[in-house]
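I have a structure I would like to understand better, so I am pasting it below and will then ask my questions one at a time.
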Amino acid sequence: MRQTANFRPVGLASMGLGHYAVINSVWDAARTLLHDWPVDDGEEYLEAVKACLDAIIGDLPPDNVRAAFIRAAQEAGIAVIEAAD
């Protein structure tokens, strides 16, 4: 995997009652998807997990993981908070 697996931060709200998280790397995304995600059977969820694995072995850039992660959050009904460019 690349030395830097970071991407522009993604804020998540309502992962649990009153919970907020900031995800800014492939590792954070993978850990969140595997340990804290409210559903594990959605198509976008599975694509995001695959994207994390692909990035870890160096086959996918971190920004692609970020995009897949956001789609999975939207699928799961998790509010995504992004900073303006």
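Per residue of the stretch 72-77, what does 6.51 cos²θ - 1.76 cosθ + 1.60 with θ = phi - 60° give for ³J(HN,Hα)? Whole Hz please, x for Gly and Pro, Karplus curve as stated.
The phi angles translate into 5, 5, 4, 4, 7, x Hz.
Let me ask something additional. Can you tell me how the stretch 5-85 classifies by the Cα gyration tensor, rounded, prolate or oblate, using a/c under 1.5 as the rounded cut?
It is oblate, given that a/c is not under 1.5 and a/b is not larger than b/c.
For L60, which sequence-distant residues (separation of 5 or more, or a different chain) have an amide H within less than 5 Å of its own amide H, given hydrogens modelled in the peptide plane?
The answer is A55.
To test your reading of the geometry: what angle, between 0 and 90 degrees and rounded to tens, separates the Cα axis of helix 26-35 from the longest principal axis of the chain?
50
What distance in nm lies between label points placed 7 Å from Cα along the C-beta direction at I57 and E82?
For the pair I57/E82, the computed spacing is 2.8 nm.
The numbers here are math on the coordinates, done by the rules we state, and not lab data. This one's a predicted model, so the numbers in the text were calculated from it and none came from an experiment. All Cβ positions, even for glycine, are placed from backbone atoms using ideal geometry, and neighbour counts span all protein chains on display.
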